[in-house]
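Colleague: Below is the structure I would like to discuss, written out as structure tokens.
Bear in mind that the values in this text are calculations on the coordinates, not laboratory data. Everything quoted here is computed from the prediction, not taken from an experiment. With ideal geometry, Cβ positions are generated from the backbone for all residues, glycine too; neighbour counts draw on all protein chains shown.
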Amino acid sequence: MLSAGWAWGLGAPLAFLLAFANGANDIANSMGTAVGARAMTMRQALLAGAAFEFISSMAIGPFVASKIASGQLHAEAFDATPTTFALVMLSALAGAGSTTFLATLYGYPISATHGVISGIIACSLCTGLPNTLDMSGFEFTLVGWVASPVVGMLAGMLVSVAIYKLITTATNPQRAAVTRQPVLLTLTSAVSCLFLLLKGPPFVTQVATGRAWLAVLLALGGGLVVTAIHAVVRGLLQSRAQRLYDEEGKAERGNAGTQLSTLGPSNQLSTLDHKDEPEPAALSRVPSFNESKGAIDALERPFVPLLIVAGLTVALAHGANDVGNAVGPLAVVLSIATDGKVVSTAEIPTGVLLLGAVGFVLGILMIGSRTISTVGSKITALTPQRSFSSQIGAAIAVLSSSVLGLPVSTSHCLVGAVFGVTLAEKICGVPDVDVDVGTLKKIVIGWVVTIPLAAAVAVCAYFPLSWIFL
């Protein structure tokens with residue numbers, strides 16, 4: 001029999017470990033491309049990501065019940081031995097938490113959810129109880145695991161080619177990037193809204209359940225509203241800047257004719273000669289004066305706010321959803337230890353939710369930079385335009401897969417999208433585009449190893465626990 005004290009003593013550290021590792025690993029999904037494109041510094045990304053994850057975990061998390069157990073197991077098969085069900089949950093936390101933590105230390109973005117699922121399945125088979133697994137739809141889960149990077153790659157290529165045709169090949173790319181920013185902002189905001197409607201917490205997703213047309217209309221409406229607000233704010237800021245510029249101009253014209261001067265040897269008036277002023281040839285070697293670099297900066301700048309909006313949306317959705325990976329099983333274990341009845345989902349107490357949210361934040365701040373560095377700089381050199389295409393491509397991949405019923409991984413989709421963007425640019429003839437194949441191989445190996453390793457660790461944890469408590 002598992003007492004409440006043992007449930008807390010074993011479950012809380014394991015849930016915290018998974019929350020810590022999950023937050024650190026998945027922060028790359030939202031902030032990796034922004035840091036790689038230098039739209040945000042590493043410090044800014046970690047602080048912003050941690051803040052959004054914590055707020056969404058605490059504000060929206062109470063409405064999110066973890067359905068990992070109910071989606072993989074027949075809870076009624078454990079009615080005679082509720083403690084067995086609790087031990088399966090604890091073992092799954094141990095397997096997923098340890099493997100996700102290990103992958104994060106190496107900087108490999110993986111799916112913690114896959115680790116939890118594989119641990120639950122492996123341990124349920126070890127119980128010896130009949131009819132414990134719910135295999136309905138499991139084939140879609142397997143297809144989703146394999147399809148995630150492929151769908152992400154295709155979506156990334158699609159977005160990249162569209163941006164290339166609309167902006168990069170325009171007669172004046174800089175002007176095209178600025179004039180088409182409102183359209184891209186509407187698209188970004190609409191995709192972000194749709195992401196929340198389809199992949200957000202249940203009380204949001206139920207609005208559009210079975211009504212895809214409503215989700216699309218709401219997303220488009222949200223995109224237009226954000227674009228309108230942006231236009232108004234931008235107009236006000238530009239008016240203020242113009243007014244200040246005019247006032248400074250009047251002040252300068254009032255002081256016209258005044259010039260710093262000194263008397264030379266011949267007592268004639270001469271202006272000060274700054275000997276340390278660089279020559280024009282030297283100017284071309286200073287990065288801030290390099291015309292070609294300035295053109296690239298001007299072309300890329302409109303993508304920076306779009307990239308940040310998309311990234312923070314992913315952080316918001318992740319905090320609300322994935323905190324349930326860690327605290328959901330713990331809530332089930334505590335419920336069984338208290339009431340002695342099997343439940344596949346349980347109400348998550350505030351203290352348990354806070355444990356998961358704090359784990360997210362500490363994981364992000366302490367080791368989140370490892371996966372951010374991998375996604376942001378080790379796969380390929382990212383620019384704001386490439387990062388935007390990757391982020392939106394990954395979001396589109398996740399959304400389209402959700403409509404088809406494929407449970408894909410956001411991490412896998414994002415890595416696939418980054419590769420797809422670089423592949424599309426190579427096909428389009430963009431110079432200086434390269435992919436670190438070695439890094440990609442390591443990431444894929446990490447994906448493949450995670451599932452059996454999490455299952456093996458979970459089983460190794462289950463048998464000692466069963467000997468002690470059963």
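Colleague: Starting with the highest mean, order 173-186, 372-385, 119-132 by the number of other Cβ atoms within 10 Å, averaged over the residues of each peptide. Don't skip to the answer; put the middle values down first.
Modeller: Details: 173-186: 17.0, 372-385: 22.5, 119-132: 19.6.
Final packing ranking: 372-385, 119-132, 173-186.
Colleague: Contour minus end-to-end for residue 170 and residue 373, with contour as 0.36 nm per residue of separation and end-to-end as the Cα-Cα distance?
Modeller: On the way: separation 203, 0.36 × 203 = 73.08 nm, distance 3.23 nm.
Length gained, residue 170 through residue 373: 69.8 nm.
Colleague: Then there is this: At 20 Å minimum axial length over the Cα atoms and a Kyte-Doolittle cut of 1.0, report the qualifying DSSP H helices in the chain, or say none. Each step should come with its number before you reach the end.
Modeller: Values: long enough: 4-36 (45 Å, 0.80); 42-59 (25 Å, 0.94); 82-105 (35 Å, 1.34); 112-126 (21 Å, 1.59); 138-163 (37 Å, 1.78); 181-199 (26 Å, 1.58); 212-254 (63 Å, 0.38); 303-339 (53 Å, 1.42); 350-373 (33 Å, 1.75); 384-404 (30 Å, 0.71); 410-428 (26 Å, 1.18); 437-469 (47 Å, 1.65).
Within the chain the helices that satisfy the rule are 82-105, 112-126, 138-163, 181-199, 303-339, 350-373, 410-428, 437-469.
Colleague: OK, next. Using the structure shown, list the pairs from 378/442; 165/199; 199/441; 165/426 with a Cα-Cα distance above 21 Å, or answer none.
Modeller: On the way: 378/442 11 Å; 165/199 30 Å; 199/441 29 Å; 165/426 14 Å.
165/199; 199/441, as the Cα separations exceed 21 Å there.
Colleague: OK, next. Sorted by mean Cβ packing within 10 Å, highest first, what order do the peptides 159-165, 390-396, 223-229 take? Don't skip to the end; give the middle numbers.
Modeller: On the way: 159-165: 19.9, 390-396: 29.7, 223-229: 15.7.
Packing proxy ranking, top to bottom: 390-396, 159-165, 223-229.
Colleague: Peptides 15-28, 145-158, 454-467: what's the order by average Cβ count within 10 Å, highest mean first?
Modeller: Working: 15-28: 29.2, 145-158: 23.3, 454-467: 19.1.
The packing order, highest mean first, is 15-28, 145-158, 454-467.
Colleague: Quick check for you: which residues of region 425-465 have the amide N under 18 Å from the point 7 Å beyond the Cα of residue 138 toward its beta carbon?
Modeller: Under cut-off, by backbone N: 451-459.
Colleague: Follow-up. Please state the relative contact order of the chain as a whole percent: Cα pairs under 8 Å, 6+ residues apart? Walk me through the numbers on the way to the answer.
Modeller: Values: 805 pairs, mean separation 193.2, N = 470.
Reported relative contact order: 41 percent.
Colleague: Please give the Cα centre distance for region 392-425 versus region 162-197, rounded to the nearest Å.
Modeller: Each part's Cα centre sits 18 Å from the other's.
Colleague: Considering amide H positions built from the backbone, and no H for Pro or chain starts, which residues 5 or more places from residue 133, or on another chain, come under 5 Å of its amide H?
Modeller: The answer is 74.
Colleague: Considering region 319-469, what Rg and Dmax in Å follow from its alpha-carbon atoms?
Modeller: Every Cα atom of region 319-469 included, Rg and Dmax give 20.0, 65 Å.
Colleague: May I pose another question? What FRET efficiency do you get for residue 162 and residue 217 if R0 is 30 Å and r is their Cβ-Cβ distance, rounded to the nearest 0.05? Intermediate results must be reported in sequence, preceding the final value.
Modeller: On the way: r = 22 Å, r/R0 = 0.75.
Approximately 0.85, to the nearest 0.05.
Colleague: Also: Could you put 40, 31, 89 in order, starting from the residue whose Cβ has the fewest other Cβ atoms within 10 Å? Intermediate values should be presented prior to the final figure.
Modeller: On the way: 40 23, 31 32, 89 29.
If I rank by nearby Cβ atoms, fewest first, I get 40, 89, 31.
Colleague: Oh, and also: Place +1 on the Cβ of every Lys and Arg and -1 on the Cβ of every Asp and Glu in the chain, take the dipole about the Cα centre, and give the residue among 460, 352, 335 whose Cα lies farthest towards its positive end.
Modeller: Among 460, 352, 335, the one farthest towards the positive end of the dipole of the chain is 352.
Colleague: Then there is this: What FRET efficiency would be calculated for the residue pair residue 224, residue 125, taking the C-beta separation as r and a Förster radius of 45 Å, to the nearest 0.05?
Modeller: Working: r = 51 Å, r/R0 = 1.13.
After rounding to 0.05, the efficiency reads 0.30.
Colleague: How much length is gained on full extension from residue 205 to residue 243, taking 0.36 nm per residue of separation minus their Cα-Cα distance? Each step should come with its number before you reach the end.
Modeller: Numbers: separation 38, 0.36 × 38 = 13.68 nm, distance 4.56 nm.
Stretched fully, the residue 205-residue 243 segment lengthens by 9.1 nm.
Colleague: Now a separate question. State, to one decimal in nm, how far the label point of residue 442 lies from the label point of residue 400, with both points 7 Å from Cα in the Cβ direction.
Modeller: 3.0 nm
Colleague: Follow-up. Dipole magnitude of the chain about its Cα centre, charges +1 at Lys/Arg Cβ and -1 at Asp/Glu Cβ only, in debye to the nearest 20? Let's see the in-between values first.
Modeller: Details: 24 positive and 24 negative charges, 104 e Å.
About 500 debye.
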